[in-house]
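Quick notes on the structure that follows.
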Amino acid sequence: MLLHQTLNPSMKKFILSCFVVSSIIACSPKTETSNASTYPAEAVGYNLDSSANIDLVKKMTLAFDAMDSVNYRACYAENAKFHDNGTDMTLEQNLGNFAYFKANGLTIKTEKIDPIWEAVNKEASPDGVTNYVISFQHLIVKKGDKEVRVIMNVVNGMKDGKIVEEWGLYNSKPIVDLINQK
């Protein structure tokens with residue numbers, strides 16, 4: 001005996017109603033749900049492990065390795081400030097490093113960037129920056145058949161899709177020693 005023959009008419013209507021309602025719900029447009037997290041009141045911000053700003057810093061690093069001043073410059077705001085081991089400089093002065101490295105026979109290759117993350121602060125700095133990409137860049141600097149390995153800690157202040165300020169800390173002695181080798 002078939003199931004529909006054993007059901008009474010009111011049960012058939014109930015099952016049909018459930019089927020119709022289920023179909024309507026299944027075909028209804030989905031509403032977006034928020035992934036917003038609730039942060040503790042004392043939190044000053046949060047960190048990201050991937051973002052457009054992180055991608056920009058990686059792009060900048062590739063341009064630096066290639067000593068590609070056009071693409072390197074495109075990653076920075078026109079009035080970007082640099083703090084290279086405590087030495088303040090402009091974008092133009094920083095770009096002068098390319099000529100210096102080339103004149104001294106140096107090539108640079110970023111072996112890896114690890115770790116790298118973006119800190120997003122709730123409150124902006126006095127110059128309006130809320131986002132900072134922090135990275136440890138592992139470089140191989142070569143001159144002829146000699147090479148040195150240097151780890152740079154770099155913090156990039158990000159605003160409007162550009163790097164507006166950069167702090168770089170690293171041991172420059174191995175690079176200077178390499179330059180001084182004949």
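The values are calculated or read from the model by the stated rules, or taken from the named source; none is laboratory data. Being a predicted model, the structure only gives us computed values, none of them experimental. Counting neighbours? That spans all protein chains shown, and the Cβs are built from the backbone with ideal geometry, glycine included. When the accessible area is computed, the model is the full protein with side chains, heavy atoms only, and any ligands, DNA or RNA have been set aside. Shrake-Rupley method; radii C 1.70, N 1.55, O 1.52, S 1.80 Å.
A few points about this structure:
- Going through (1) at pLDDT below 95; (2) over 17 Å from Val164 (Cβ atoms) one by one, Asp127 falls short only on (2).
- Applying the criterion of being over 19 Å from Ile134 (Cα atoms) and over 20 Å from the mean Cα position of the chain (by Cα) to the residues of the range 37-67, the residue that is modelled with the highest pLDDT is Met67.
- Residue within the range 48-67 that is among the acidic types (Asp, Glu), assigned to a strand (DSSP E or B) and farther than 21 Å from Ile179 by Cα present: no
- Residues that are part of a helix (DSSP H, G or I) and buried (at least 19 other Cβ atoms within 10 Å of the Cβ) within the range 155-182 comprise Ile175, Leu178, listed in sequence order.
- Of all residues in the range 94-112, those that are closer than 23 Å to Ala77 by Cα have Cβ atoms under 6 Å from Cβ atoms of residues that are at pLDDT 95 or above and open to solvent by 40 Å² or more (accessible area, probe 1.4 Å), 6 or more apart or on another chain, in Leu95/Ser69; Phe98/Ser69.
- Number of positions in the range 48-60 that are touching a strand residue (DSSP E or B) at 6+ places or on another chain (Cβ under 8 Å) and surrounded by 11 or more Cβ atoms within 10 Å (Cβ to Cβ): 8
- Matching residues, the range 100-154, being of a type in the set (D, E, K, R), open to solvent by 30 Å² or more (accessible area, probe 1.4 Å) and either assigned to a strand (DSSP E or B) or in contact with a Pro (Cβ under 8 Å, 6 or more places away or on another chain) (or both): Lys109, Glu111, Lys112, Asp114, Lys142, Lys143, Lys146, Glu147, Arg149
- Qualifying residue in the range 38-45 (condition: outside any loop (DSSP other than H, G, I, E, B) and under 19 Å from Asn153 (Cα atoms)): no
- With respect to (1) in contact with a strand residue (DSSP E or B) (Cβ under 8 Å, 6 or more places away or on another chain); (2) surrounded by 14 or more Cβ atoms within 10 Å (Cβ to Cβ), the lone exception for Ala63 is condition (1).
- The sole residue among Phe82, Phe101 that is touching a strand residue (DSSP E or B) at 6+ places or on another chain (Cβ under 9 Å) and closer than 21 Å to Glu147 by Cβ is Phe101.
- Residues satisfying the stated conditions in the range 68-94, i.e. surrounded by 16 or more Cβ atoms within 10 Å (Cβ to Cβ), aliphatic (A, V, I, L, M) and not in a strand (DSSP E or B): Leu91
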